Amino acid sequence: MAGPALEYTGFLPELADKLIAFLIAAGWSRERAEALARALVDSMRRNWGGTQVYIPSQRPIDRLLRDAEIARRWNGRNTLELCREFGISDERVRQIYDEARRKAKSVSAGAQAARK
């Protein structure tokens, strides 16, 4: 792409470069990759320009699996270990555990009510 830094601002030049690299790695010619990247970035700019777009760092299923693993492993003494391993705060580790405990109680209460 001829001078994407001059054509785009913010994260768009990096996005264009990553799209081009991805397409070339997938077997596209540089010319076709640059044309598609330009079209995609221009479409994004036209459709969402001026708005803030949140891009989550994880897919929802990955977050659910992470949270289940933390809730399973947390013992009250390994908070800092889990913080370091999963890159989250100690407050978030406790929140995850508390949420899992509340859900488990809710499921247990529902099962007991169904048996009556």
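We did not get these values from a lab; they are worked out from the coordinates using the rules stated. Here the structure is a predicted model, which is why all the values come from computation and not from measurement. Cβ: placed from backbone, ideal geometry, glycine included. Neighbour counts: every protein chain shown.
Taking only DSSP H segments of four or more residues, each worth -39500 (n - 2.57), what value at 222 nm results for the chain once the sum is divided by all its residues, to the nearest 500 deg cm²/dmol?
Computed mean residue ellipticity for the chain: -23500 deg cm²/dmol.
How would you rank GLU7, GLU31, going from fewest to most other Cβ atoms within 10 Å of each one's own Cβ?
Ascending number of Cβ neighbours within 10 Å: GLU31, GLU7.
Only residues of segment 5-35 count here: report those whose backbone N is under 20 Å from the spot 7 Å along Cα→Cβ of ARG45, or say none.
Within reach of a label on ARG45, which here means backbone N under 20 Å from a point 7 Å along Cα→Cβ, segment 5-35 contributes 5-23, 31-35.
Of [x] 195; [y] 99; [z] 147, which is the value of volume of the Cα convex hull per residue in Å³ derived from the coordinates here?
Label [x] holds the value from this structure.
Kirkwood Rh over alpha-carbon pairs of segment 4-48, then Stokes-Einstein at 20 °C and 1.002 mPa s: what D in µm² s⁻¹, rounded to an integer?
The Stokes-Einstein estimate is 206 µm²/s.
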